[in-house]
Amino acid sequence: MNGKNAHLTTMEFFRDLSREDQEELERITTMTSVEKGKIFYRPEDTGEVIFILKKGAVQLYRISPEGKKLVIYTLRDGAMFGEMSLLGQRLHNTFAEAITDCVICVMSRDDLERLVLNRPQVALRLLEITGNRLRETEEQLEALAFKSVPSRLAALLLRLTGDGGEVAGLTHQDLAEMIGTYRETTTQTLNDMKAQGILEIGRRRIIIRDKDALREIAER
């Protein structure tokens, strides 16, 4: 089993596939490298494909008529996106940009559709992924409507660090776009948190020193 196939079959989405199915998955996917900063999907693209992020980080975002960028999702290793095409929806008005060097596996909608029809357990996991994505979108909309910038930023930092204690590779502009505010506001909020001893700020690097305090801000 080569590196591409080994990665795909360890994902939750494909984990119950038989050996025969794994070989079919190998056949229908194409692996490609995408350099940091490259936009590899645009609203005008008509191809219906599904992307599986093997390595790296990708932003899905939209541009308002005024030119403001709003990040919808930031996806990392193991994420799938473009799956809404199976439900008759493309990545509508959405850009996909590599924010680090990425390795991405690509398959056509038709190929994944055949896999889903033949393997009900894959269909169930697709529904689970879609449901989780919709839930995350609802939470993001709720935060934009009801939470302050410090609360949104604190929640974002906690989500990005996960079990770790550091956020790396993102600029203040990136963070601002992910919480729907301005870079200057994000920088001031980060500096306030730094003054409180909650975090340290370096070049594209934020180290969390007090997660409990950050959680308290996020829950306000």
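Values quoted throughout were computed directly from the atomic coordinates according to the rules given, and no laboratory measurement underlies them. No experiment lies behind these values; they were computed from the predicted model shown.
The C-alpha atoms of the chain define a longest principal axis, and helix 109-118 lies at about 70 degrees to it. Listed cross-link partners K36/K68; K68/K147; K54/K211; K147/K194; K36/K147 are compared with a 23 Å cut-off, the Cα-Cα value being larger for K54/K211; K36/K147. Using only Cα atoms and rounding to the nearest 10 degrees, what angle (0 to 90) does helix 19-28 make with the longest principal axis of the chain? Helix 19-28 and the main axis of the chain meet at about 70 degrees.
Compute the acute angle (0 to 90°) between the alpha-carbon long axis of helix 183-195 and the principal axis of greatest extent of the alpha-carbon atoms of the chain; round to the nearest 10°. Value to nearest ten degrees: 60.
In straight-distance terms, cross-link reach from K38 covers every one of the aspartates and glutamates whose alpha-carbon lies under 13 Å from its own, apart from those fewer than eight places away in the same chain; here that gives E97, D101. Both the radius of gyration and Dmax for the chain are 18.8, 57 Å, in that order, over alpha-carbon atoms. In region 147-218, inverting the average of 1/r over every pair of distinct C-alpha atoms gives 11.7 Å as the Kirkwood radius.
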